[in-house]
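**Q** If you scroll down you'll find the structure; I have some questions about it.
The values are calculated or read from the model by the stated rules, or taken from the named source; none is laboratory data. All figures in this text were calculated on a predicted structure; none of them were measured in a lab. Cβ atoms come from the backbone with ideal geometry, glycine included; neighbour counts cover every protein chain shown. Heads up: the accessible areas ignore ligands, DNA and RNA and are worked out on the full protein's heavy atoms, side chains in. Shrake-Rupley method; radii C 1.70, N 1.55, O 1.52, S 1.80 Å.
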Amino acid sequence: MPARPRRIRRLVLILLPLVVIAALGAGWWYMAVGRFPLRGDLRHDFGEVPIYGRSADVDHTFHLRNVTDRPVVIEQIHQSCGCTAVRETSRTIEPGATVDITVTLSLTRAGKKSANVALVMKDLGVQRLWVYGTGRKEMDLWTSQIALDLTPGETTPLLVFAAIQSSDEEPQTPAIRSPQGVSASFVAWERLRRRDADRKTAAEWRGKFMIELHADTLPANASLYVELGEAETLPVALALKPTPQRETGADDGEPAE
């Protein structure tokens, strides 16, 4: 083979991968940045956020510029979860103008959380803004049973959940305050998940109480309160379990209608 064709072939073999890489890079840039009519930082990480009480709210304002030669109209704003709130300075952004969009992220649990806000633009598709945060909460306590119906003389289970961020050790026995005529005994903790130090995710436990009503009635607005370390006190409302009304009729010596 002549020397020149070999050099050309060698040059093609060298340049081809570079052309492919450049094309892929251009495609990525277009999909990630270039196709968006609103230009600016589209992601924000709040980092580690301490949580005191039930939740911690943090907000960030995205400053976006219309880089097209036509007005951009934001028709709708959709949130990926109820953990975010959004406010904007305008729904119509003229060419070269800017819009400020403030996103508030609410963190209630330890560990990393991500959410996005979708800007639905007229004739221009959807552009998303992402926010991230890592909740830091040493101890948390919650239940899905925010109210219990009790029957006199019977026991009713109550499940509570605890999250411990800095340790995998079993939590101490929770304390419980209950109204007169109601007793509560703690059964045991069951581990649901180990903590993840890298993701700053807490260990989770499920605990079980047995609640017994010894009286025939309950005080008005009766509640019991579960306490565990520095976690916020957990209230659980109490009520008498409804009983079927006794039917009247033949059993009472009365004729049925």
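**Q** Let's see if you can work this out: charge +1 on each Lys and Arg Cβ, -1 on each Asp and Glu Cβ, no other charges. What is the dipole magnitude of region 105-250 about its Cα centre, in debye to the nearest 20? Please report the intermediate quantities before stating the final value.
**A** Values: 18 positive and 18 negative charges, 152 e Å.
Magnitude of the dipole: close to 720 debye.
**Q** Still on this model: For an R0 of 22 angstrom, estimate the FRET efficiency from the Cβ-Cβ distance between Glu227 and Arg194 and round to the nearest 0.05.
**A** Between Glu227 and Arg194 the formula returns 0.35.
**Q** While we're here: Quick one: ranking Thr155, Thr61 by accessible area, 1.4 Å probe, largest first, what do you get?
**A** The residues order as Thr155, Thr61, largest area first.
**Q** Taking the Cβ-Cβ separation of Asp41 and Ser167 as r and a Förster radius of 25 Å, what is the calculated FRET efficiency to the nearest 0.05? Provide the component values of the computation, followed by the final result.
**A** Details: r = 37 Å, r/R0 = 1.47.
The formula returns an efficiency of 0.10 here.
**Q** With a/c under 1.5 counting as rounded, go ahead and sort region 108-257 into rounded, prolate or oblate using the C-alpha gyration tensor (a ≥ b ≥ c being the square roots of the eigenvalues; past the cut-off, prolate if a/b is larger than b/c, else oblate). Display every interim value, and only then the final one.
**A** On the way: a/c = 3.57, a/b = 1.60, b/c = 2.23.
It comes out oblate by the Cα gyration axes.
**Q** What's the local net charge at Ala203, with K and R +1, D and E -1, over the other residues with C-beta under 13 Å away? Please report the intermediate quantities before stating the final value.
**A** Values: positive: Arg109, Lys137, Arg191, Arg193, Arg194, Arg195, Arg199, Lys200, Arg206; negative: Glu138, Asp140, Asp168, Glu169, Glu170, Glu190, Asp196, Glu204.
Its environment carries a net charge of +1.
**Q** Another question, if that's okay. Dimensions of region 147-197 along principal axes (Cα, Å, largest first)?
**A** Here the spans come out as 45, 17, 16 Å, largest first.
**Q** Could you compute the FRET efficiency for Thr243 and Val187, with r as their C-beta to C-beta distance and R0 at 22 Å, rounded to 0.05? Write out the running numbers ahead of the final one.
**A** On the way: r = 27 Å, r/R0 = 1.22.
With a Förster radius of 22 Å, E is 0.25.
**Q** Which lysines have a Cα lying under 18 Å from the Cα of Lys137, excluding residues fewer than 8 positions away in the same chain?
**A** Qualifying lysines at Cα under 18 Å: Lys112, Lys113, Lys200.
**Q** Within region 59-79, name every residue whose backbone N is under 11 Å away from a label modeled 7 Å from Cα of Asp123 along the Cβ vector.
**A** Under 11 Å, as judged by backbone N against the label point of Asp123, lie 70-73 of region 59-79.
**Q** Okay, moving on. For region 198-244, what's the radius of gyration and Dmax over Cα atoms, in angstrom?
**A** 15.9, 54
**Q** Something else about it: How far apart, in nm, are two points set 7 Å out from the Cα along the Cα-to-Cβ line at Ala147 and at Arg9?
**A** Rounded to a tenth, the inter-label distance reads 8.3 nm.
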